[in-house]
Structure formats: C-alpha cells, structure tokens
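Okay, so here's the structure we're looking at.
The values are calculated or read from the model by the stated rules, or taken from the named source; none is laboratory data. This one's a predicted model, so the numbers in the text were calculated from it and none came from an experiment. Please note: Cβ atoms are built from the backbone with ideal geometry, for glycine as well, and neighbour counts cover all protein chains shown. Side chains are part of the model used for accessible areas, which takes the heavy atoms of the whole protein and leaves out ligands, DNA and RNA. Shrake-Rupley method; radii C 1.70, N 1.55, O 1.52, S 1.80 Å.
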Amino acid sequence: MSLIVAKFGGTSVADYDAMHRCARIIIENPEIRLVVVSASSGVTNLLVELTQADTDAQRRQSLIQQISAIQHLILEKLGFPNEVVVRIEAVLERIEALSEQLSVQRSKAVMDELLAQGEQCSSALFAAVLREKGAKSSVFDVRNIMRTDSFFGRAEPQIEQISSLTQAELSPKLTDEVIVTQGFIGADYQGCTTTLGRGGSDYSAALLAEALKADAVQIWTDVAGIYTTDPRLAPNARPIKEISFNEAAEMATFGAKVLHPATILPAVRQKIQVFVGSSWAPEQGGTWIRHQVNAEPVYRAVAVRRDQTLLNLHSLQMLHAQGFLAETFATLARHKISVDLITTSEVNVSLTLDKTGSDSSGHGLLNESLLQELSQHSRVRVEENLALIAIVGNKIATTAGVCRRVFEVLAPHNVRMICQGASPHNLCVLVAESEAAQVVNALHQDLFETPEVI
Ligand code: ADP
Ligand code: ASP
Ligand code: MG
C-alpha cells in the first residue's frame, strides 16, 4: 500500500469543526499514515507577540487567555477527555512559565520553545478528534526525529539524521495507527527545541515524507490548490491542475504563501508528488506538483512578496577591480542574509533582501552591525516598503515578446529593479509596495484573462 503524509495548516485545524473536516479526509484515505499539523489559526501569531520584548505583563495575560480559549473551545466539543485535558493544561502552564522567563531574560532558545507550544496543543487535540471519529491514532513528538542545527528561529534540518531517526523511531509506528505530529518545530543536537521559520509546517511534512520515502505529500489548506495568483488579491485567479517542481519552487520562493519555499526541495530529492488542496472542499480537487507535467506554458502564475528591502552599495573599489563582490557576499553570508535579486553597474550593486523570511519571531536580519561592516567598503543606501513581483512560467528567457508584453502592462508604474535571464522560469520586477496589488491584478488580467497574443 502507498504511504501518504498529509499536512493540515492553521485554518484547517482552527477549531473543532475544521478538525472534523480534516479527520474525514484522513479516514476516507487509508494511505494517509502520517499527519502533520500546524498550530490552530492565530495561535502562532499570539505566541510571537508573547515573545516580544515590549509586550507588558497585562498584555501577556490577555494573550495567554486568548490561546487558552482556542484550546478550551475544542476540548469542550470533545467532551473534555481527561488525558487530553491534562496534556493541554500542561502546555498552557508551560506557555505561562516560558513567557515569564522571557520577560526576565531574552533568549532565542526560550523563544523557540515558546513558539513550539501551538503545535503541541493542536497535535494533541487533532489526535483526539481522530479517535473520536473511530480512528486509531496517537501523537508523536516530532522533536525526537526532526534534528536541526541550533540556529533558533530559522533552524536548518539535518537531512541524514532526520532520515535515520525517522526510520528507527517513527516508521514502525505507522503500521497500525495514524500518527499525528507537529509541523514547524524540531530539536537541535542538545535536545533544545528549534523552529524552522514561519510557515514551516509544509517543509516539515515534505522532510518527513522524504525520510519515509512516501509516495505523496498532501498539503491541505484553505484554497483549492495553487492558483494563477493569490486568490485574495485577484478575484479571477484560477486553480492550476498540474505544475512542475521548478515552477512551484519559483512560486513559493517569490511569495506564493500557499507553500513554504523549502517544501519542494525534499520532494525533488525523492521525486515525491505534492498535492495542494482545500480541507474545506476536498471534492474540488487541487494542484498536483510533479517532476513531469503535460503542459509547460510560458505564463503559469504571478507571485508577490511584500516587505522587501533594497540594498544599494556604491563603491569605487568595483571599478576595474576584483574581489569587491566576493567580499560583500562573504559579509552577507556571515550574517546569514540570503540575497534574492542582484543587479550591478560599474560602481554599484543592488540587492534585494527578504524581510518577511526572517526568523520565526519576525526579527529582521538587516541589523546595525551588518550595515556597519558593509559601510567599511561602500556607501550603503537602504530602501524599504518594496514588493517583488514574479511572473512564473517556462522558457521565459528564450521566448520573444515576453518583455514587451510585461512592460506594456507595467508602463504606468515605476519599476525599481528588473531581473530576468538567470532562470527560464521567472521574470521579476520590484515596485513600491503600495502599487503591488494593482500591478499583480494588471499582470494577471493581461496574462491570464485575455486571449494569447504571442
Ligand atoms: P496554511 O495555514 O494552510 O499553511 P497559508 O495561509 O500559509 O495556509 O497559505 C494559504 C494562502 O496562501 C491562501 O489563503 C492564499 O491567500 C495564499 N496564496 C498566495 N499565493 C497563492 C497562490 N498562488 N495560490 C493559492 N494561494 C495563494
Ligand atoms: N504555526 C507556524 C506558523 O504559523 C507554522 C505553520 O503554520 O506552518 O508560522
Ligand atoms: Mg502556510
């Protein structure tokens, strides 16, 4: 029998009714042996606020109460089963203690421990919902197998260890029950809890599928698949039936929140198919992400990533000299800054950095010490409030007419930066964040809502 790993996101496990819908999907498909859950919708945001230094004692109490209320509503619908009540109460006490600890001393490790509690609650409650519906199910603490480095807030999974630990500790349990485990969290070599960065549960599911050599990963969310653009932004966005790993990876990287950017990597390594669908309407089907697809259109989708920072470095050292770029990138690498787009001129280099992809508690990575280091070699200018818009598709770099068509749509807007050519799968432009929705809609209308002109 094939093995499927199913991941349910925050809105899919938001409350008892949502969990119930997900339980039905699992029970109807006996191939789903491992279930990965996010924290119930809103809980991680509340926990993030609890970790912030400027959250005062009164606000902390109110946040803890809100988290507790979400859990208690589900417990109530379950009829307060004793062993689950005990477990949830223990987690809530832990949240209180950790937030107290953080108010006295800031520590990234404690922050991650606190952020991890949302998934602890949802996994325990979800397994109870499955049991209530007659399925044999128990919770497995993913920290026993999701080995990461100790970069708290955005820890790096250690693929080989995860694979051997999963085979030894988790595989044998999948034969006679449905195992529910936590997305987003892991543990380092010392056993300290880590997190993989916001939205990381998709990545967790793909990593576990890779370790189990599963046949497919299902990502159940609140939309019926990957759309031609964010359906919240463009009412005419339509779901895509089938998309290649390459295109999906570009979409996720450039902001299609429906998939965490790293999700595709493990799937590619093991050639595991990924399905994205809506837990609210599973009958609508969804998107299959595959190695080989039937059609490879020039235009597949438009993705947008907000909150971008443009870093412009001006240095006369660049003129007829070697090593300036190497030095700049070495500095950025030391600060764990990942660069997205680059353009260079004779004495300038412009880079875009992703602030949204910072760590789990939302801390930006562009800090004073980095800026100071860069200033030693160049004049640094920082521009914020920008949005990166990516047109994703196939053969973009080798199809005549793409730029003309896109630039005509962009004509009324100021384009701050353009990148095209490195990949056949994208053309990226940087615009003011305030114009992003308008640009996405105009591009979507032209590329997907009018008959092909090239
Ligand atoms: P989950 O909590 O299930 O992980 P997310 O909120 O992380 O869900 O991702 C789902 C959301 O992604 C959708 O509600 C939608 O607004 C957004 N999204 C952005 N781009 C796309 C796209 N191209 N297709 C589908 N959804 C998208
Ligand atoms: N709960 C985490 C978050 O909100 C992880 C996830 O949902 O994927 O970011
Ligand atoms: Mg998500």
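Conditions (1) within 16 Å of ligand 2 (Cβ to nearest atom); (2) free of Cβ contacts under 8 Å to residues at least 12 places away in the same chain, marked per residue:
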position	(1), (2)
SER12	yes, no
TYR16	no, no
ARG33	no, no
THR51	yes, no
ARG59	no, yes
GLU93	no, yes
SER103	no, no
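This table checks each residue for (1) basic (Lys, Arg); (2) at pLDDT 85 or above; (3) in a strand (DSSP E or B).
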| residue | (1), (2), (3) |
| --- | --- |
| LEU351 | no, yes, yes |
| SER358 | no, no, no |
| GLY362 | no, no, no |
| LEU365 | no, no, no |
| LEU374 | no, yes, no |
| VAL380 | no, yes, yes |
| ASN385 | no, yes, yes |
| LEU388 | no, yes, yes |
| ALA397 | no, yes, no |
Out of curiosity, is SER138 at pLDDT below 95 and either more than 26 Å from the chain's Cα centre (by Cα) or assigned to a strand (DSSP E or B) (or both)? no
Taking GLY255 as the residue in question, decide whether it is touching a Lys or Arg at 6+ places or on another chain (Cβ under 6 Å) and on the phi > 0 side of the Ramachandran plot. yes
Quick one: which of ARG300, ARG232, ARG269 is charged (D, E, K, R), more than 16 Å from ligand 2 (Cβ to nearest atom) and assigned to a strand (DSSP E or B)? ARG300
Among the residues of the stretch 174-209 satisfying the criterion of being more than 13 Å from ligand 2 (Cβ to nearest atom) and open to solvent by 20 Å² or more (accessible area, probe 1.4 Å), which is nearest to the chain's Cα centre (by Cα)? CYS192
Inside the stretch 179-223, counting only strands (runs of 3 or more DSSP E) that do not spill past its ends, which hold 3 or more residues that are within 16 Å of ligand 1 (Cβ to nearest atom)? 216-221
In the stretch 322-342, what residues are open to solvent by 50 Å² or more (accessible area, probe 1.4 Å) and at negative phi? GLN322, LEU325, ALA326, GLU327, PHE329, ALA333, ARG334, SER338, ILE342
For the stretch 1-24, which residues satisfy the criterion of being among the charged types (D, E, K, R) and open to solvent by 40 Å² or more (accessible area, probe 1.4 Å)? ASP15, ASP17, ARG21, ARG24
Only one of these is away from ligand 1 (no atom under 12 Å from the Cβ), more than 25 Å from VAL339 (Cβ to Cβ) and open to solvent by 60 Å² or more (accessible area, probe 1.4 Å): ASN236, ASN246. Name it. ASN236
Among the residues listed as ASP230, ASP188, ASP215, the single one being in contact with a strand residue (DSSP E or B) (Cβ under 9 Å, 6 or more places away or on another chain), in contact (Cβ under 8 Å) with a residue 24 or more places away in the chain, of a type in the set (D, E, K, R) and within 16 Å of ligand 3 (Cβ to nearest atom): ASP230
Where the second residue is among the basic types (Lys, Arg) and the first is within 14 Å of HIS291 (Cα to Cα) and lies in the stretch 242-257, which pairs have Cβ atoms under 8 Å and are six or more apart or on separate chains? GLU242/ARG290; ILE243/ARG290; ILE243/ARG300; SER244/ARG290; PHE245/ARG290; GLU247/ARG300
Given the conditions (1) more than 10 Å from ligand 1 (Cβ to nearest atom); (2) open to solvent by 50 Å² or more (accessible area, probe 1.4 Å), report the number of the one that ILE264 does not fulfil. (2)
Restricting the first residue to the stretch 369-385 and requiring it to be open to solvent by 40 Å² or more (accessible area, probe 1.4 Å), which pairs with a second residue that is of a type in the set (Ser, Thr, Tyr) meet a Cβ separation below 6 Å and a spacing of at least six or different chains? GLU373/THR331; HIS377/SER315; GLU384/THR309
Yes or no: the stretch 130-149 includes at least one residue that is crowded, with 19+ Cβ neighbours inside 10 Å, within 16 Å of ligand 2 (Cβ to nearest atom), farther than 20 Å from VAL43 by Cβ and touching a residue at least 40 places away in the same chain (Cβ under 8 Å). yes
How many residues, within the stretch 279-292, are at pLDDT 95 or above and either touching a Pro at 6+ places or on another chain (Cβ under 9 Å) or outside any strand (DSSP E or B) (or both)? 9
Can you tell which of GLN120, GLN167 is farther than 25 Å from GLN273 by Cβ and either open to solvent by 10 Å² or more (accessible area, probe 1.4 Å) or free of Cβ contacts under 8 Å to residues at least 24 places away in the same chain (or both)? GLN120
